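Structure record follows, encoded as structure tokens.
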Amino acid sequence: MRYVLDSDILSYLLREREEVERAYREAIRQGAQFILAPGVRFEVTRYLRLKDSTRLLRRYAELTQQWGASELLGTDWDDAAELWKGIHQAGKSIQPMDLLIAVTTLKENAVLVSNNLGHFAPINLAVVNWAN
Amino acid sequence: MARTETKLELEGTWEEVLSHSRELAGRRVRVVALPPENEKPEGDDGLSPDQRAMLDVLEEWKQDPLTPDEIEALEEFEAFRERHPIPFRAWDPEL
């Protein structure tokens, strides 16, 4: 199984939130792969840089060291545009960063782990919540 | 998004595979049940170096707890994320 962890879940792991860490450990033991979405990388690191927290940035680097990196290239942006069009035409909306995280998840054939399931409701996406 | 022609390979627990049920609806699939994790050879934790490293990081953190300020900073992260979304440029919503 491949997982993309949303920014909120990554922040819970950094602060060792119990139920999230338990699910993460279990996923590791089951041989899961973890993909760092560029949108998540941006959201988390901009905040930790703003806080000027060297130690939290180090934790972030340690946490994601073994994760695979994903990039949004060429046709990924076409996929994002097509997805956005469908959402817009259905009279729904999605935050741009959530859209890009969803596109990364689809591209990687992964399951998104998020505590904001509603953010991704307009998209046909496999989403689970480790925070409940 | 046209993804129906791509081959999709999944591995995990049955429950995890089921989380893809909408994506797999109507598609031909092949299911192979693998032996349980606990059937791995005795004396071998069955973990790859990467898996071991990911778990070790979590253990190392227990020896070096976060300060109250660091915990507070992480607790404020979600509120910050809501306050500072990354918007598309404004445009005509009637388009």
_Per-residue Cβ neighbour rank within 10 angstrom, fewest leading, A:Asp78, A:Asp6_ = A:Asp78, A:Asp6
*Report the semi-axes of the equivalent ellipsoid for the protein assembly as shown in whole Å, largest first, where each axis is √(5λ) for an eigenvalue λ of the Cα gyration tensor.*
29, 26, 13
_If you take each beta carbon of peptide A:37-44 and count the beta carbons of other chains within 10 angstrom, what is the mean?_
1
*For the range A:16-132, list log₁₀ I(q)/I(0) at each q in 0.16 Å⁻¹, using the Debye formula over Cα point scatterers of equal strength and ignoring solvent, two decimals each.*
-0.86
*How do A:Met1, B:Met54 rank when sorted from fewest to most other Cβ atoms within 10 Å of their own Cβ?*
A:Met1, B:Met54
_Calculated FRET efficiency for the pair A:Trp77/B:Glu15, C-beta based, R₀ 41 Å, to 0.05_ = 0.80
*What ranking do A:Asp52, B:Asp50 get, fewest neighbouring Cβ atoms within 10 angstrom at the top?*
A:Asp52, B:Asp50
_Relative contact order (%) - criterion: Cα under 8 Å, at least six apart; region: chain A_ = 35 percent
*How long are the three semi-axes of the equivalent ellipsoid of the range A:75-126, in whole Å, if each is the root of 5 times an eigenvalue of the C-alpha gyration tensor, listed from largest down?*
16, 14, 8
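Bear in mind these aren't lab numbers, they're just calculated from the coordinates by the rules spelled out. Because the structure is a prediction, the values reported are computed rather than measured. Note that we place each Cβ from the backbone using ideal geometry, even for glycine, and neighbour counts take in every protein chain shown.
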